[in-house]
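The structure appears right after this line, and notes come after that.
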Amino acid sequence: MTRRCVCPGSFDPVTNGHVDVIHRAAQLFDEVVVAVLHNPAKEGTFPVAERMELVRGALPACLSVRVEEFGGRLLVDVCRDVGATAIVKGLRGGTDFAYELPMALMNRHLSGIETVFLPGNPAYEHVSSSLVKEVALHGGDVAGLVPDNVLQALHALRAPQER
Ligand code: PNS
């Protein structure tokens, strides 16, 4: 039986913290489905198609990972449809845990699926998609915090404002 997990998120854009968690999930499961989902609490910056390309471009081809868009669907429905036995999320600290715990409990309530929390790499504890966008848009250097392809995409995002 293929042991499959889902790594869900907005990935707007993917950061090195996300990439680290995806790599580690791939060591624990036969296959990882990176699910690009809509978070109603967040207004998107990058179009979903670009987010998916950025995630794909940030991962080595040899990794057993699929990147798919699931729009505004419930995560538990996505997990059922792809045949996942667990949801994998990274935790940067207590604030993340407070945000993630109710979702993990709700998802287990809805379908019985378990959420596996991986402690985030402390090197990326301060890294979030929203912060890297804010810093990059104001001309700050986020090299080393996001994959190289994302760094380029962030520069392109900034370019129109500089004109
Ligand atoms: O990267 P994010 O924005 O923190 O990811 C949050 C996300 C997209 C994983 C979460 O909003 C989600 O699961 N959305 C799908 C809809 C859903 O299932 N909502 C109920 C969660 S209990």
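The values are calculated or read from the model by the stated rules, or taken from the named source; none is laboratory data. Not measured: the values here are computed from a predicted model. Here Cβ is always computed from backbone atoms with ideal geometry, including for glycine, and neighbour counts include all displayed protein chains. Surface accessibility is based on the protein's heavy atoms, side chains included, excluding ligands, DNA and RNA. Shrake-Rupley method; radii C 1.70, N 1.55, O 1.52, S 1.80 Å.
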Next item on the list: Enter the Cα centre distance for the pair the range 63-80 and the range 37-56, rounded to the nearest angstrom.
Entry: 13 Å
Next item on the list: Extending each Cα 7 Å along its Cβ direction at Ser130 and Leu157, get the distance between those two points in nm, one decimal.
Entry: 1.3 nm
Notebook entry, point to check: Cβ under 12 Å from Glu50's Cβ, Glu50 left aside: what net charge do those residues give with Lys, Arg +1 and Asp, Glu -1?
Noted result: -1
Checklist line | For the chain: accessible area per residue (Å², 1.4 Å) | finding: 54 Å²
Note to self: Quick check: net charge around Ala123, other residues with Cβ under 15 Å of its Cβ, Lys/Arg +1 and Asp/Glu -1?
What the structure shows: 0
Notebook entry, point to check: Each residue of the range 24-39 in turn: what ³J(HN,Hα) in whole Hz from Karplus with 6.51, -1.76, 1.60 and θ = phi - 60°, glycine and Pro shown as x?
Noted result: 6, 4, 5, 7, 9, 10, 5, 9, 10, 9, 7, 9, 8, 10, 8, 9
Note to self: Can you give me the % of accessible surface on the range 54-155 that is carbon or sulfur? Probe 1.4 Å, all protein chains present, nothing else counted.
What the structure shows: 57 percent
Next item on the list: Sort the range 1-121 into rounded, prolate or oblate with this rule: let a ≥ b ≥ c be the square roots of the eigenvalues of the Cα gyration tensor; rounded if a/c is under 1.5, and if a/c is not under 1.5, prolate when a/b is larger than b/c, oblate otherwise.
Entry: rounded
Margin query: Tell me which trypsin sites (Lys or Arg not before Pro) from the range 36-95 have a DSSP coil assignment and no more than 12 other beta carbons within 10 Å of their own.
Written below: Lys42
Checklist line | Paramagnetic reach from Ala41 in the range 73-109 [backbone N under 11 Å; point 7 Å along Cα→Cβ] | finding: 96-103
Check: Given springs between every Cα pair under 10 Å in a Gaussian network model of the chain, which of Ser128, Ser64, Ser111 has the largest fluctuation?
Finding: Ser111
Notebook entry, point to check: What is the extension gain from Asp141 to Leu118, computed as 0.36 nm multiplied by their sequence separation minus the C-alpha to C-alpha distance, in nm to one decimal?
Noted result: 5.6 nm
